[in-house]
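J.: Got a structure here, written out as structure tokens. Questions coming.
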Amino acid sequence: MDVKKLVAQMTLEEKASLCSGLDFWHTKPIERLNVPSIMMSDGPHGLRKQDERADHLAVNESIEAVCFPAGSAMAASFDTELFHTLGDALGASCQAEKLALVLGPAINIKRSPLCGRNFEYLSEDPYLAGQAAAAYIKGVQAHNVGVSVKHYAANSQEHRRMSSSSEIDERTMREIYLAAFETAVKEAKPWTIMCSYNRINGTYASENKRYLTDILRGEWGFDGFVVSDWGAVSDRVKGVEAGLDLEMPASRGVNDAKIVKAVSEGRLDEKYVDLAAENILNIVYKYVENAKPDTVWDKEQQHELSAKIAEECMVLLKNEGGILPLTKSDEIAFIGEFAKCPRFQGGGSSHIRCFKTTSALEAAEGYPNVRYAKGFDIETDTTSETLLKEAEELAKKSHVAVVFAGLPDSYESEGYDRVHMRLPECQNELIRRVAAANPNTVVVLHNGSPVEMPWVDGVKGILEAYLGGQAVGKAIVRALFGEANPSGKLPETFPLRLEDNPSHLFFGGEKDIAEYREGVFVGYRYYDKKKMQVLFPFGHGLSYTSFAYSNLRFSKKEMTEHETLIVSVDVTNTGKVFGKEAVQLYVADKESTVFRPEKELKGFQKLALSPGETKTATFTLDSRAFAYWNTQIHDWHVESGAFDVLIGTSSRDIRCVETVDMSSDVQLPVTYTMDSIFLDIFGNPRAKAAIKPMFDAILGILGPQEGESSTALEAISPEMMEAMLRYMPLRCGLSFGGGRISEDQLNALLEQLNRA
Ligand code: BGC
């Protein structure tokens, strides 16, 4: 379809009508020109397609679908292929359900453990989130249906989500909060982006030209359409001009009329309306011209796939004395209501109506020695002495007690943030009592974000299942009994306590101002820099086998920022069973002039290894892996000097390190003034050569003179004098040059410096 030609035939009213939805889930058709309407649905880890009664918070029923592991769990796989597989399954289901778009992936940074939607989000690390998102998008879009990458941008809290302003400095925005979106756009060309509810530094994301047009389209080359989060539009006219193409859901024609009026009154250039209409129609036809409504959606098969995917996401946090895997012939107690009714997804817009679920108890039906005790009641969330006693009794009679704990639905959800990081007290008490009754206690966790574990030293094993989708029970049982070897790694740090989190002092903000004051020091970037003890570090996850790392090698030991570095490392399965290892690569700038994290994730790769087998993980690092965002040139900048490349099995378990010498020929532009200090001028070798004689002369004049008393020498040491002089501005040559430096000389010198 020649969309430009089509738009040229439209009246202003018709074009404006395209700029908002028909209802909750459809774009508007234009019958006169046979323009079809397309349908979209949430997202991100399954389809929430609603038919008649629609809403954006999953209040009304949707079709029966398959719930895959939520973003929090998926990210723990550290496996881009798995994200592709998920995308592939969703894309096929969209075709079968005549959906043009699935509203996901959701890739906001997990800044605080408290954010209510953390369960949907991927990581505290933008590199991991970006790579994962790109793979998901490619998987979906290979089916000629689109995604909507959300929520763009800086939407890391639910508190006052529709009015709060995320106040973020330029560098932090680029390095932390935009980076995953940037990767998603550049690498996977998503069909649509969903702008967030919040304001960014004062301006609503839905009318923020800087983010919607300058950065998204101008810098990153986005060519799809931008849709508002549901109800995120404040000033529709400003939004059209800023680059918001589609408003969702419908605004009953009111905002369309405002667009028409603004154009008629000369307040809005019609070209922006044309552009929005074109952007939307390009996607409409991309779907319509490739629709495959006959696609078969095999839900049973996807249920099994969901179990398989969940298996790859399990994180074995602790395994003292090899308590896991369990032995089938042993007496095993499954304790806690989550064993029967697992929590496997979060509440709100992503809530899937599952056609079927598998709990751990159901999955363990073939295991004759598994017994169950309820332990606590999910509904009442209160401690029951009767249930505790029953659990203790069963634990005592068993070889191993497995407690299924986690956050009940009301603890984390879309729409509000958590207020603490604890599990319900009835569950903490249950774990303590069971562990006291049987030292062989293992805890399985269902949660979308970190929890405090006051009982961590009292239990032998901990398996983090996150919110693992409708078949999570099967994945858990297979992991517990060693039929699957856990290979997940934490995509976020578990701090010892909430107060340790870098955003703690300011999270949520004051009224509508949420200042992201910790800057780039989010998650491990902060805990590492502070050398803090954490409960479990970013990237941590154990296995039933062991891996040895060797032979770290580089394609070169010296490089420029225009080159790439190829890094290889061998990994050997040194244990007795098959296992997968997520090899992690971090980069550390050894000689930075700006504050930088200790190290940052710049590569990861999941290797599947049979016992005794060795494979090589290979990474290609380009300049971006070494760069920080420079606020002077408003661009990425690589500094010259040594960088360490660290290879680890977690962020706190680094197995090998090598150094590469970087030389950068990018000179940051500098203009010297009379207020420039000697130290900064010395930063440029040519300028230093020009200024050094004057520096030495002043030093000679100001420094202690021969024959001066020893008290004077004590008071002003040569080191101190030199240090003071380094921080002195050029203009001081006049006052401290002993009358030997004139203003004309200084002016001439300044000219020379600026030519240097
Ligand atoms: C959520 C989005 C969701 C949309 C449609 C909003 O409330 O923030 O993530 O896609 O509703 O349900």
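J.: Can you name the residue in the stretch 582-618 that is within 19 Å of the chain's Cα centre (by Cα) and of a type in the set (A, V, I, L, M, F, W, C) and is also nearest to E518 (Cα to Cα) among such residues?
T.: L601
J.: Let me ask something else about it. Go through the stretch 100-127 residue by residue and tally those that are out of contact with any Phe, Trp or Tyr (no Cβ under 7 Å at 6 or more places or on another chain) and surrounded by fewer than 24 Cβ atoms within 10 Å (Cβ to Cβ).
T.: Total satisfying the criteria: 1.
J.: Something else now. For the stretch 295-318: of the residues being acidic (D, E) and free of Cβ contacts under 8 Å to residues at least 60 places away in the same chain, which is most open to solvent (accessible area, probe 1.4 Å)?
T.: Restricting to residues being acidic (D, E) and free of Cβ contacts under 8 Å to residues at least 60 places away in the same chain, the top hit is E300.
J.: Does the stretch 250-257 include one or more residues that are polar (S, T, N, Q), within 16 Å of the ligand (Cβ to nearest atom) and assigned by TED's automatic domain parsing to the domain that holds H26?
T.: Within the stretch 250-257 (the criterion being polar (S, T, N, Q), within 16 Å of the ligand (Cβ to nearest atom) and assigned by TED's automatic domain parsing to the domain that holds H26), the answer is yes, since at least one residue qualifies.
J.: How many residues are in a loop (DSSP other than H, G, I, E, B), more than 20 Å from G139 (Cα to Cα) and either open to solvent by less than 20 Å² (accessible area, probe 1.4 Å) or more than 12 Å from the ligand (Cβ to nearest atom) (or both) if we restrict to the stretch 56-68?
T.: 3
J.: Just one of the numbered conditions (1) open to solvent by 20 Å² or more (accessible area, probe 1.4 Å); (2) part of a strand (DSSP E or B) is not true of K556; which one?
T.: (2)
J.: OK, next. Against the conditions (1) outside any loop (DSSP other than H, G, I, E, B); (2) touching a Lys or Arg at 6+ places or on another chain (Cβ under 9 Å); (3) within 16 Å of the ligand (Cβ to nearest atom), where does A184 fall short? Just the number, please.
T.: (2)
J.: Please verify whether V419 is surrounded by 17 or more Cβ atoms within 10 Å (Cβ to Cβ) and assigned by TED's automatic domain parsing to the domain that holds K474, treating the condition exactly as stated.
T.: no
J.: Failed condition for F222, given (1) more than 16 Å from the ligand (Cβ to nearest atom); (2) over 22 Å from F83 (Cβ atoms); (3) assigned to a loop (DSSP other than H, G, I, E, B); (4) in contact with a strand residue (DSSP E or B) (Cβ under 7 Å, 6 or more places away or on another chain), with all others met?
T.: Exception for F222: condition (2).
J.: Return the only residue of S93, S17, S37, S41 being in contact with a helix residue (DSSP H, G or I) (Cβ under 6 Å, 6 or more places away or on another chain), modelled with pLDDT of 95 or more and in the same structural domain as G116 (by TED's automatic domain parsing).
T.: Among S93, S17, S37, S41, only S17 is in contact with a helix residue (DSSP H, G or I) (Cβ under 6 Å, 6 or more places away or on another chain), modelled with pLDDT of 95 or more and in the same structural domain as G116 (by TED's automatic domain parsing).
J.: I would also like to ask the following. Can you go through E120, E158, E124 and tell me which one is among the charged types (D, E, K, R), within 15 Å of the ligand (Cβ to nearest atom), within 14 Å of M74 (Cα to Cα) and not in a helix (DSSP H, G or I)?
T.: Exactly one of E120, E158, E124 is among the charged types (D, E, K, R), within 15 Å of the ligand (Cβ to nearest atom), within 14 Å of M74 (Cα to Cα) and not in a helix (DSSP H, G or I), namely E120.
Per-residue answers, yes or no, for (1) of a type in the set (D, E); (2) surrounded by fewer than 22 Cβ atoms within 10 Å (Cβ to Cβ); (3) assigned to a strand (DSSP E or B):
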residue: V583; (1), (2), (3): no, no, yes
residue: A588; (1), (2), (3): no, yes, yes
residue: T593; (1), (2), (3): no, yes, no
residue: F619; (1), (2), (3): no, yes, yes
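J.: A further question follows. With the requirement that a residue be crowded, with 23+ Cβ neighbours inside 10 Å and within 16 Å of the ligand (Cβ to nearest atom), what does the stretch 75-99 give you?
T.: Hits for the stretch 75-99 are L90, C94, L99.
J.: K688 versus (1) part of a helix (DSSP H, G or I); (2) at pLDDT below 90: which is the lone unmet condition?
T.: For K688, the failing item is (2).
J.: In the stretch 695-714, what residues are modelled with pLDDT of 70 or more and either open to solvent by less than 80 Å² (accessible area, probe 1.4 Å) or not assigned by TED's automatic domain parsing to the domain that holds G737 (or both)?
T.: Selection gives F695, D696, A697, I698, L699, G700, I701, L702, G703.
J.: For the stretch 5-30: of the residues being within 16 Å of the ligand (Cβ to nearest atom) and open to solvent by less than 10 Å² (accessible area, probe 1.4 Å), which is nearest to the chain's Cα centre (by Cα)?
T.: Across the stretch 5-30, the extreme among qualifying residues is W25.
J.: While we're looking at this one, here's another question. Would you pick out the residues in the stretch 366-379 that are at pLDDT 95 or above and either within 16 Å of the ligand (Cβ to nearest atom) or not aromatic (F, W, Y) (or both)?
T.: Passing the criteria: N369, V370, R371, A373, K374, G375.
J.: Let me ask something else about it. In the stretch 192-217, what residues are open to solvent by 10 Å² or more (accessible area, probe 1.4 Å) and either within 16 Å of the ligand (Cβ to nearest atom) or on the phi > 0 side of the Ramachandran plot (or both)?
T.: Matches in the stretch 192-217: R199, N201, G202, Y204.
J.: Continuing with this model, one more query. Which of the residues spanning the stretch 733-744 are open to solvent by less than 70 Å² (accessible area, probe 1.4 Å) and over 15 Å from G700 (Cβ atoms)?
T.: S742
J.: Could I ask something else about it? Can you run down the residue pairs with Cβ atoms below 6 Å, 6 or more apart or on separate chains, where the first is in the stretch 527-543 and outside the structural domain of L463 (by TED's automatic domain parsing) and the partner is open to solvent by 60 Å² or more (accessible area, probe 1.4 Å)?
T.: Partner pairs satisfying both residue conditions: D528/E598; K529/E598; L535/L496; P537/R652.
J.: If we keep just the residues of the stretch 31-45 that are assigned to a loop (DSSP other than H, G, I, E, B) and within 13 Å of the ligand (Cβ to nearest atom), which is surrounded by the most Cβ atoms within 10 Å (Cβ to Cβ)?
T.: Ranking the candidates gives H45 first.
J.: Is it the case that I137 is surrounded by fewer than 24 Cβ atoms within 10 Å (Cβ to Cβ) and of a type in the set (A, V, I, L, M)?
T.: No; evaluated as a whole, the condition is false for this residue.
J.: Ok, one more. Is it the case that P408 is away from the ligand (no atom under 16 Å from the Cβ) and closer than 18 Å to Q345 by Cβ?
T.: Answer is yes for this residue.
J.: Could you run through the stretch 194-210 and say how many residues are out of contact with any strand residue (DSSP E or B) (no Cβ under 6 Å at 6 or more places or on another chain) and not polar (S, T, N, Q)?
T.: Going through the stretch 194-210 one residue at a time, the tally reaches 5.
The values are calculated or read from the model by the stated rules, or taken from the named source; none is laboratory data. The model shown is predicted, which means the values in this text are computed figures rather than measured ones. Methodologically, a virtual Cβ is constructed for each residue, glycine included, from the backbone with ideal geometry; neighbour enumeration extends over all protein chains shown. The area values use the complete protein model at the heavy-atom level, side chains included, leaving out ligands, DNA and RNA. Shrake-Rupley method; radii C 1.70, N 1.55, O 1.52, S 1.80 Å.
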